[in-house]
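The values are calculated or read from the model by the stated rules, or taken from the named source; none is laboratory data. The structure presented is a predicted model; accordingly, all values stated were derived computationally and were not measured. Don't worry about glycine lacking a Cβ; one is built from the backbone with ideal geometry, like all the others, and counts go over all protein chains shown. What goes into the accessible areas is simple: the full protein's heavy atoms, side chains included, and nothing from ligands, DNA or RNA. Shrake-Rupley method; radii C 1.70, N 1.55, O 1.52, S 1.80 Å.
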Amino acid sequence: MIISNLSFKFDKNSFYFFKNLTIEFEPNQVHFIRGDNGVGKSTLFNILQGTISQESQLSASVALDGKVYHAHNNIFDAQLIKQIHTVQQNYDRMISNQFSFLENLQLANLPTYPRIRSLPEATIFDIVKKMRLDGASIPAYRLSGGQRQLLAILMALQKPTRVLLLDEPTATLDKKNAHTIIQYLQKLAMELKVTMLIICHDKELVEMYALGQYF
């Protein structure tokens, strides 16, 4: 994915927050975005998600899978946005505690306008089995913090996804679980052919797992 000539203002009277910024992310890999508060990490995510305010001013293009999408009227084409999904830092809100790991995945795979019928298959349950995850059949409230974080990530990936945005996915985890989550993400990125952008303040994790350049 290549973001080209990104220029952004919060409103027409403000200074440019981003000016002619170009960034290339190698496809199907995990990339880290690290920096002080206020440098634009969340703003970049908001731009890619199409959630900036109407008062903002945006111009940019995104190249993804051989297609180029241009921003019009402060938003990218819906064909791009529907391929980008997000796991927020408050990922617990995505999870239904009384349902199992697998049932939560099935719920996430429901269409926008579901009908009364059996739950659909979880589209990536084969990957869950390959990872030999414990607890796939127990209620979500009994899962560990690391298991719940991974569940939220897998739920986001139930819909067709080319770019996954993750906001501090390891912030509430201990060191062991943090490393486990990043390792799972690397496997998922390659297996599902998804480009992942991670906001992460943990310098140790970034330096250990970053491909080379990080922001």
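Key figures for this structure:
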| item | result |
| --- | --- |
| Karplus-derived 3J(HN,Hα), 6.51/-1.76/1.60, for each residue of region 197-209, Hz, glycine and proline x | 10, 10, 7, 8, 9, 7, 4, 4, 4, 4, 5, 7, 10 |
| By accessible area with a 1.4 Å probe, ligands and nucleic acids excluded, highest first: order of Met196, Met190, Met94, Met155 | Met190, Met94, Met155, Met196 |
| Centre separation in Å (Cα based) which lies between region 40-84 and region 164-209 | 23 |
| Contour excess over end-to-end distance, with Cα ends at Gln88 and His201 and 0.36 nm allotted per residue | 39.2 nm |
| Kyte-Doolittle mean at least -0.5 and Cα axial length at least 20 Å: DSSP H helices in the chain | 175-192 |
| For the chain, calculated [θ]222 nm from helices alone, where every DSSP H run of n ≥ 4 adds -39500 (n - 2.57) | -8500 deg cm²/dmol |
| Label point at Lys12 placed 7 Å out along Cα→Cβ; residues across region 37-67 whose backbone nitrogen lies under 16 Å | 53-59 |
| Spin-label zone in region 60-82 - amide nitrogen under 19 Å from a point set 7 Å from the Cα of Gln54 along the C-beta vector | 72-78 |
| Highest-MSF residue in the chain out of Leu164, Leu197, Leu110 [GNM, Cα springs under 10 Å] | Leu110 |
| Long-range HN-HN contacts of Asn74 with modeled amide H, under 5 Å | Leu58 |
| Rg over Rh, two decimals, the chain (C-alpha only, Kirkwood Rh) | 0.98 |
| Virtual paramagnetic centre 7 Å along Cα→Cβ of Asp36, amide N under 19 Å, in region 183-200 | 200 |
| Given Lys82/Lys187; Lys41/Lys159; Lys9/Lys175; Lys12/Lys41; Lys82/Lys203; Lys82/Lys175, the pairs whose alpha carbons are separated by over 28 Å | Lys9/Lys175; Lys82/Lys203; Lys82/Lys175 |
